[in-house]
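Worksheet: one structure, shown below.
The values are calculated or read from the model by the stated rules, or taken from the named source; none is laboratory data. Note that the structure is predicted; figures quoted are calculated from it, not measured. Reconstructed Cβ throughout: ideal geometry from the backbone, glycine too, with neighbour counts over all protein chains shown. SASA here: full protein model, heavy atoms, side chains in, ligands and nucleic acids out. Shrake-Rupley method; radii C 1.70, N 1.55, O 1.52, S 1.80 Å.
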Amino acid sequence: MRAFGRFLFAGQARRRWIHLILGGALAMPYVLVGSVVAGPATGSTNVFGSFALQLLSFAIGLPLAALTSLFPLTRPLEAAAVRSLCGVDGDRLADGPARTRSAKGRTAAWFTLHLGFGGIIAGMSLAVPPFAVVLIVLPVFAGLRDTRLGLPEALDRPWALALSPVAGVAMLVALAACAVGAGALLARWAPALLGPTPEDRLAAAEARAADLAVRNRLARELHDSVGHALSAVTLQASAARRVLDTDPEFVREALAAIEDTTRRTVGELDAVLGVLRDGDSTVPAPTLATDLDGLLRRTRAGGLHITDMIAVDPGTLPPVVSREAYRIVQEGLTNAVKHADDQEVTLHIEVKGAHLDITLENPLSNLGAAPFRGAGNCATSHDEPADRRRPPNAPTRPGSGLHGIADRARLLGGTAQAGAAEGTWHLHVRLPTKGPA
């Protein structure tokens with residue numbers, strides 16, 4: 001009995017009851033409009049004086065409610081009410097307005113059911129409790145039988161009078177059971193009628209994919225700009241420290257390069273943070289056309305020997321290709337700074353047909369004849385194929401630079417290959433000069 005009482009009057013049951021009463025309140029304007037139609041149609045001047053005419057007004061008003069449910073805000077508001085009051089998991093309900101015909105139809109069906117069940121339960125909640133209370137107290141206040149409450153004549157009999165409290169309690173329990181049953185039905189039907197459609201799920205997946213793409217882009221930009229700057233500054237500072245007493249001119253050049261590198265990196269960091277904060281940035285991104293010479297100069301200032309063969313006018317490249325190519329060259333030089341030591345690094349950029357080819361090579365004598373890896377659209381999974389400066393017991397760590405290069409190439413419809421062959425580290429990237437394929 002106690003469990004049954006909790007079932008009828010628990011917190012969730014009460015909230016669902018409130019949800020039904022709200023539906024009844026929403027139904028009242030439609031019932032009033034229905035009464036305007038039902039009165040003249042039946043020749044009655046007092047529609048609310050007849051229970052049958054009230055039901056007719058209610059029946060006329062529900063189709064009107066279905067029509068008004070086509071307003072865009074109906075589904076979001078109803079879904080919010082169901083989440084708060086019916087105990088339905090929010091992930092099973094749609095967030096935005098209904099856009100397709102099937103979604104609008106299901107929303108109309110839900111709104112009609114909510115107002116229909118709500119109108120019935122709200123009407124019962126107004127009428128049943130007062131009558132049930134009268135029945136419960138009738139044996140104590142026998143004078144109530146002589147009032148104008150419209151009590152049945154059968155209550156004048158002694159046995160009926162004795163059973164009236166039981167009947168009153170039974171009516172209250174029946175009302176609670178009806179409210180619980182109606183609330184449970186609506187909660188069960190809500191995901192089917194207010195749940196996301198395949199189009200909604202596709203739109204949500206596209207939004208998540210777009211957000212992930214932005215996050216990945218920001219991660220690549222931070223890795224390539226800040227990572228390259230830190231590697232270059234470390235190399236420049238280390239080279240300057242080694243010749244501090246013997247070559248002051250080189251030290252001055254290295255310090256100037258460090259200053260220039262950090263200043264440019266702060267600007268690039270501001271650009272990335274501007275995208276993160278506002279979705280856009282007024283700071284132009286570096287490109288081959290505007291920043292390649294400065295990138296090579298700053299990298300050489302750290303002591304890295306670079307032989308460059310630029311067989312293309314960067315100003316003729318599409319902006320997006322020029323920007324991504326700059327980041328690819330920057331990341332390739334960052335890896336060379338880590339692994340090439342004082343050996344020669346070769347950079348070759350040229351246009352072949354409708355593609356821009358970027359090739360970067362540097363010797364890695366301690367690798368031996370490792371096979372070339374990363375063919376096709378893939379890149380190797382380590383930024384550090386062999387680092388002669390790493391202590392023997394230092395753990396290896398997978399890097400993300402080559403993954404970033406592969407992502408940039410793939411987004412433009414190009415390919416990226418990276419790996420070691422015969423003691424030389426090769427990086428080859430091919431980008432279409434017409435933008436994404």
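Number of residues in the stretch 76-93 that are in a helix (DSSP H, G or I), open to solvent by 30 Å² or more (accessible area, probe 1.4 Å) and charged (D, E, K, R) equals 3. Counting only residues that are modelled with pLDDT of 75 or more and within 16 Å of Lys338 (Cβ to Cβ), the stretch 233-260 holds 6 of them.
Given the condition open to solvent by 50 Å² or more (accessible area, probe 1.4 Å), modelled with pLDDT of 70 or more and more than 57 Å from the chain's Cα centre (by Cα), answer yes or no: does some residue in the stretch 160-168 qualify? Yes; the residues of the stretch 160-168 include at least one that is open to solvent by 50 Å² or more (accessible area, probe 1.4 Å), modelled with pLDDT of 70 or more and more than 57 Å from the chain's Cα centre (by Cα). Got at least one residue in the stretch 265-285 being over 31 Å from the mean Cα position of the chain (by Cα) and either open to solvent by 50 Å² or more (accessible area, probe 1.4 Å) or modelled with pLDDT under 70 (or both)? No. Scanning the stretch 415-425 for residues that are open to solvent by 10 Å² or more (accessible area, probe 1.4 Å) and at pLDDT 90 or above turns up Thr415, Gln417. Look at the stretch 186-204: where a residue is closer than 17 Å to Gly105 by Cβ and a partner is open to solvent by 30 Å² or more (accessible area, probe 1.4 Å) and among the polar types (S, T, N, Q), sitting 6+ places away or on another chain with Cβ atoms under 8 Å, you get Thr197/Thr100; Thr197/Ser102; Glu199/Thr100. Run Val133 past the list (1) closer than 30 Å to Ala203 by Cβ; (2) out of contact with any Leu (no Cβ under 8 Å at 6 or more places or on another chain); (3) surrounded by fewer than 17 Cβ atoms within 10 Å (Cβ to Cβ) and report the number of the one that doesn't hold. Looking at each condition in turn, Val133 falls short on (1).
Conditions (1) modelled with pLDDT of 90 or more; (2) out of contact with any helix residue (DSSP H, G or I) (no Cβ under 9 Å at 6 or more places or on another chain); (3) buried (at least 21 other Cβ atoms within 10 Å of the Cβ); (4) among the aromatic types (Phe, Trp, Tyr), marked per residue:
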residue: Phe9; (1), (2), (3), (4): no, no, no, yes
residue: Arg15; (1), (2), (3), (4): yes, no, no, no
residue: Ala25; (1), (2), (3), (4): yes, no, no, no
residue: Val31; (1), (2), (3), (4): yes, no, yes, no
residue: Pro40; (1), (2), (3), (4): no, yes, no, no
residue: Val47; (1), (2), (3), (4): no, no, yes, no
residue: Ser50; (1), (2), (3), (4): no, no, no, no
residue: Ala59; (1), (2), (3), (4): yes, no, no, no
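Cβ-Cβ distances below 7 Å connect the following pairs, each with a first residue in the stretch 244-258 that is on the phi < 0 side of the Ramachandran plot, a second residue that is surrounded by 13 or more Cβ atoms within 10 Å (Cβ to Cβ) and not in a helix (DSSP H, G or I), and a separation of six or more residues or different chains: Phe250/Val243; Val251/Val243; Ala254/Gly302; Ala257/Gly302. Taking the stretch 61-75 as the range and being buried (at least 19 other Cβ atoms within 10 Å of the Cβ) and outside any helix (DSSP H, G or I) as the test, only Ser69 passes.
Residue by residue, here is whether (1) in contact (Cβ under 8 Å) with a residue 24 or more places away in the chain; (2) surrounded by fewer than 22 Cβ atoms within 10 Å (Cβ to Cβ); (3) among the basic types (Lys, Arg); (4) not in a helix (DSSP H, G or I) holds:
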| residue | (1), (2), (3), (4) |
| --- | --- |
| Gly294 | yes, yes, no, no |
| Arg300 | no, yes, yes, no |
| Gly303 | yes, yes, no, yes |
| Asp308 | yes, yes, no, yes |
| Ser322 | yes, no, no, no |
| Arg327 | yes, no, yes, no |
| Gly332 | yes, no, no, no |
| Asn335 | yes, no, no, no |
| Lys338 | yes, yes, yes, no |
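The residue that is surrounded by the most Cβ atoms within 10 Å (Cβ to Cβ), counting only those in the stretch 241-255 that are β-branched (Val, Ile, Thr) and outside any helix (DSSP H, G or I), is Val243.
Of all residue pairs spaced 6 or more apart or on separate chains, those with beta-carbon atoms under 8 Å, a first member in the stretch 99-113 that is within 9 Å of Glu199 (Cβ to Cβ) and of a type outside the set (D, E, K, R) and a second member that is open to solvent by less than 60 Å² (accessible area, probe 1.4 Å) and in a helix (DSSP H, G or I) are Ala103/Arg75; Ala103/Asp200. The residues in the stretch 66-103 that are touching a Pro at 6+ places or on another chain (Cβ under 9 Å) and among the basic types (Lys, Arg) can be counted, and the count is 3. Across the stretch 187-204, the qualifying residues are those that are aliphatic (A, V, I, L, M) and open to solvent by less than 50 Å² (accessible area, probe 1.4 Å), and the one among them that is farthest from Pro97 (Cα to Cα) is Ala187. Given the conditions (1) at pLDDT below 80; (2) over 23 Å from Asp89 (Cα atoms); (3) touching a Pro at 6+ places or on another chain (Cβ under 9 Å), and given that Ala204 satisfies all but one, which numbered condition is not satisfied? All conditions are met except number (2).
For Gly96, the stated conditions do not hold, so it cannot be described as closer than 25 Å to Ile21 by Cβ, small (Gly, Ala, Ser) and open to solvent by less than 60 Å² (accessible area, probe 1.4 Å).
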